[in-house]
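One structure below.
The values are calculated or read from the model by the stated rules, or taken from the named source; none is laboratory data. In this text the structure is predicted, and so the values were computed from the model without any measurement. Every residue, glycine among them, receives a Cβ derived from its backbone with ideal geometry; neighbour counts consider all protein chains shown.
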Amino acid sequence: MRKLAIGVALSGALALTGLTAPLASAATTSPDLVFSDVTVNLGKGIVVGTTATVEVPVTYTLTRPSDLVIDYKTTFAGVLLYRGKLSDMANGLDPDSAPACATMATTDTTVTEACTETITVDPQDSLYAAADATTWTAGGFYSHIEQDSDDSDGHISFGSGYDIWGNLGTLQIKRAAKLTADATPEPVVKGKTLTVKGKLTRANWSTGTYTGYQDQSVKLQFRPAGSTTYTTVKTVTSGTGGALSTTVKATKSGYFRYQFAGTATTGAKTSTGDYVKVNAG
């Protein structure tokens, strides 16, 4: 499980989503924080491949006691993402740096701020298995440290506490897909048969490669030369290794492509159009 980047600032002693100490070790007095209006990735699912990192924007409103100082040196707050139960997270993702917050309103006892942060999803560091392609939950967190590193008196100390408020919204993290299309022969005589092959693969976070995605419905689409609109010709089911193959009659010059709508665990993908020139018979 990935440690919180903020946890690194705590000399490695505190990593909220990876913390192994029981809840009983948390601070006995929790701060009165309220996280609301949490929006992750503009409300869209997060699609992740095998190498490229994905920057995920997060916005939220934070209401805190006016006398509570959050300095991101010894006190920290923000929004994280987790998979599994709040008390037993299977995986977690956190902001890489302190959020940017602007005061919206104040009272005698509270401050309300509009905050933005970025969570970077690195598939080589953050995602490990197909089980990570599922529904994740947003949660708000607060943590603090108390440290005395001066050993001149023969004594040092380190204490930490944390609070996490879960169930602030859900989102999907999906495996990225790749899709190809290749129509042959090129060129072709009008009325003759064209074979359109392709391949549907998706990210395998365990191996860092793309592997075939079998038994999936994929649309074969055609756009005539000079047009900007694709229309569906037929639906094809991916075979072993994600292979796609079907035949059509050549009627006019244009572009063939495959389109995959995606699933609950895998993002949508459209192949590049393959141009075929059709000659008169």
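Which residues, taken from region 163-197, are of a type in the set (Val, Ile, Thr) and without any contact (Cβ under 8 Å) to a residue 60 or more places away in the chain? Hits for region 163-197 are Thr170, Thr184, Thr193, Thr195.
Scanning region 59-102 for residues that are assigned to a strand (DSSP E or B) and either more than 23 Å from Gly169 (Cβ to Cβ) or not assigned by TED's automatic domain parsing to the domain that holds Asp32 (or both) returns Pro65, Thr75. Taking the criterion of being over 24 Å from the mean Cα position of the chain (by Cα), assigned by TED's automatic domain parsing to the domain that holds Ala264, in a loop (DSSP other than H, G, I, E, B) and in contact (Cβ under 8 Å) with a residue 40 or more places away in the chain, would at least one residue in region 218-227 satisfy it? Yes; the residues of region 218-227 include at least one that is over 24 Å from the mean Cα position of the chain (by Cα), assigned by TED's automatic domain parsing to the domain that holds Ala264, in a loop (DSSP other than H, G, I, E, B) and in contact (Cβ under 8 Å) with a residue 40 or more places away in the chain. Checked against the criterion of being at pLDDT 95 or above, surrounded by fewer than 21 Cβ atoms within 10 Å (Cβ to Cβ), aliphatic (A, V, I, L, M) and under 30 Å from Ala133 (Cβ atoms), the candidates Ala77, Ala52 yield just one match: Ala52. When we screen Tyr213, Tyr230, Tyr255 for residues that are without any contact (Cβ under 8 Å) to a residue 60 or more places away in the chain, under 24 Å from Leu171 (Cα atoms) and among the hydroxyl-bearing types (Ser, Thr, Tyr), the only hit is Tyr213.
So, in region 118-136, exactly how many residues are in a strand (DSSP E or B) and surrounded by fewer than 20 Cβ atoms within 10 Å (Cβ to Cβ)? The number of residues fulfilling the criteria is 3. Any idea which residue in region 148-162 is surrounded by the most Cβ atoms within 10 Å (Cβ to Cβ), counting only those that are in contact (Cβ under 8 Å) with a residue 60 or more places away in the chain and within 25 Å of Leu62 (Cβ to Cβ)? Taking the candidates together, the pick is Tyr162.
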